[in-house]
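Asker: Supplied in structure tokens, the structure appears directly below.
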């Protein structure tokens with residue numbers, strides 16, 4: 001898999017390169033590096049900052065927007081709710097029900113969308 005060298009890169013708040021990622025920085029990096037698609041930075045309004053906000057107001061920008069899709073496809077992002085009240089995590093779908101995401105304690109990992117834990121946390125698949 002072409003993404004193997006990214007697995008294990010550490011978490012870094014605000015990180016968006018191979019020195020360290022946060023979850024949104026990882027998604028931006030993957031779109032840019034492998035698909036030549038530039039996703040804008042939201043500054044303080046990254047996925048970590050959506051607490052209590054309507055995600056659709058934050059992610060729809062004049063430069064482009066995330067469009068919800070029914071099933072995952074490459075490339076797309078997964079919006080994840082680890083908090084009971086709001087979406088606070090994002091992952092990048094790679095293939096065969098697998099997605100990359102970055103967690104504070106372990107860095108970039110590969111997980112399965114059909115895993116019982118993630119299946120109930122994933123709020124939708126979105127394409128830029």
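The values are calculated or read from the model by the stated rules, or taken from the named source; none is laboratory data. Everything numeric in this text was worked out from a predicted model, so none of it was measured. Glycine gets a Cβ as well: all are built from the backbone with ideal geometry, and neighbour counts include every protein chain shown.
Asker: Given (1) over 23 Å from residue 96 (Cβ atoms); (2) modelled with pLDDT of 95 or more, where does residue 26 come up short, assuming only one miss?
Answerer: Going through the list (1) over 23 Å from residue 96 (Cβ atoms); (2) modelled with pLDDT of 95 or more, residue 26 breaks only (1).
Asker: When both residues are 6+ apart or on different chains and their Cβ atoms are under 7 Å apart, which pairs have a first residue that lies in region 111-128 and is on the phi < 0 side of the Ramachandran plot and without any contact (Cβ under 8 Å) to a residue 40 or more places away in the chain, and a second that is surrounded by 12 or more Cβ atoms within 10 Å (Cβ to Cβ) and in a helix (DSSP H, G or I)?
Answerer: Once the first residue is on the phi < 0 side of the Ramachandran plot and without any contact (Cβ under 8 Å) to a residue 40 or more places away in the chain and sits in region 111-128, its partners that are surrounded by 12 or more Cβ atoms within 10 Å (Cβ to Cβ) and in a helix (DSSP H, G or I) give 111/118; 112/118.
Asker: If you take the residues in region 81-95 that are farther than 18 Å from residue 31 by Cα and either at pLDDT 95 or above or touching a strand residue (DSSP E or B) at 6+ places or on another chain (Cβ under 6 Å) (or both), which one is surrounded by the fewest Cβ atoms within 10 Å (Cβ to Cβ)?
Answerer: Among them, the one singled out is 82.
Asker: To continue, here is another question. Filter region 64-78 down to residues that are touching a helix residue (DSSP H, G or I) at 6+ places or on another chain (Cβ under 7 Å) and surrounded by 14 or more Cβ atoms within 10 Å (Cβ to Cβ), then give me how many there are.
Answerer: Going through region 64-78 one residue at a time, the tally reaches 3.
Asker: Here is a follow-up. Applying the selection to region 114-128, what residues are out of contact with any helix residue (DSSP H, G or I) (no Cβ under 7 Å at 6 or more places or on another chain) and in a loop (DSSP other than H, G, I, E, B)?
Answerer: Within region 114-128, 114, 115 meet the criteria.
Asker: Sticking with this structure for a sec: Within region 1-17, take every residue that is assigned to a loop (DSSP other than H, G, I, E, B) and modelled with pLDDT of 95 or more and give me the one that is surrounded by the fewest Cβ atoms within 10 Å (Cβ to Cβ).
Answerer: If we take residues in region 1-17 being assigned to a loop (DSSP other than H, G, I, E, B) and modelled with pLDDT of 95 or more, then 8 is surrounded by the fewest Cβ atoms within 10 Å (Cβ to Cβ).
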